[in-house]
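A.B. asks: This is the structure, below, for whatever I ask next.
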Amino acid sequence: MIRASRAARKRAEEAGIEVPTGYRRKGANVFTRQFVKVIGDGVWQDAATPHLYLSVKGNGRSYIFRYKSKMTGKDTTLGLGSARTVDLERVREMARFYNGLLARGEDPKDFRDAKEREAKAEGKIVNTLCDEYVAKFYGPHLKKSDTHKKNTAALFENYIRPAIGHMLIRDVTRGTIATAIFDSSDRTRNRRRPAIAGIPEGSFEDLWIHKNQTAALIRMHLINMFDYAETKEYIDESPITSKWFRKLVAQREHVHE
């Protein structure tokens, strides 16, 4: 029991909402637009919709979906928006949808987090990721030599962007990297060593053999860039690891420069 303010009691009485004299309850009430508008501070439950609550504190009024996670056993709260901007019926629709997930054994928070990650990555291509990565780690504000920054930008422009820059981030796989043509010209080929059967010219393996230092830099930036994408939640997990790269080039170690 929490003592209600005189103003809160007056608003509730004017709206026809019954509140015990001197006190108000935090129990279940069937939400109406008027109830949502005038009820005082507290966390109120909608008797018409399981797990739907209204949190009121001062001038703030927001809807929340509260449930006990089957995975952690802890109470979990999802914000559903401000009561001043989100319609009550729309909020009930969202709550019913989340209740449906619970009935199927799914966790609403996990579902929403996955959707948010998809939304972040939707339409974002590797070229955009390259822009972000280079600006953050090799931008003009960082204390690195101008030559280092220039060489890094050139590496992206000449190799990484032409190979996979047009692709959606979420579509890049290990197979993509293994088969991508990072160099379609012959500017980096060591003419003393012929092409090897079964290895496409310009592929990462081809560069590893003929321009090992360049390939090593490409490997480093790809690993770091997709780790960054994972951190930013553009993807669930980076498809590229150092261990995978080592397996890819293990049989070529004895022939590189």
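The values are calculated or read from the model by the stated rules, or taken from the named source; none is laboratory data. The shown structure was predicted, so the numbers you read here are calculated from the model rather than taken from an experiment. Using ideal geometry, Cβ is built from the backbone for each residue, glycine included, and neighbour counts are taken over all protein chains shown.
A.B. asks: Based on what the data block shows, is G105 more than 30 Å from A154 (Cα to Cα), part of a strand (DSSP E or B) and assigned by TED's automatic domain parsing to the domain that holds K37?
C.D. replies: no
A.B. asks: Report, by residue number, each residue of region 142-189 that is closer than 16 Å to G202 by Cβ and modelled with pLDDT under 85.
C.D. replies: Result: I181, F182, D183, S184, S185, D186, R187, T188, R189.
A.B. asks: Can you list residue pairs whose Cβ atoms sit under 6 Å apart, with the first residue in region 154-177 being closer than 13 Å to I125 by Cβ and touching a residue at least 40 places away in the same chain (Cβ under 8 Å) and the second being buried (at least 17 other Cβ atoms within 10 Å of the Cβ) and hydroxyl-bearing (S, T, Y)? Count only pairs 6 or more apart in sequence or on different chains.
C.D. replies: I169/Y234
A.B. asks: Filtering region 119-141 down to residues that are surrounded by 14 or more Cβ atoms within 10 Å (Cβ to Cβ) and modelled with pLDDT under 80, which residue is farthest from the chain's Cα centre (by Cα)?
C.D. replies: Here the residue is A121.
A.B. asks: Only one of these is in contact with a helix residue (DSSP H, G or I) (Cβ under 9 Å, 6 or more places away or on another chain) and assigned by TED's automatic domain parsing to the domain that holds L54: Y98, Y159, Y138. Name it.
C.D. replies: Y98
A.B. asks: Here's a follow-up. Listed residues R84, R112, R92, R104; which is surrounded by 14 or more Cβ atoms within 10 Å (Cβ to Cβ) and either touching a residue at least 40 places away in the same chain (Cβ under 8 Å) or more than 22 Å from the chain's Cα centre (by Cα) (or both)?
C.D. replies: The unique qualifying residue is R92.
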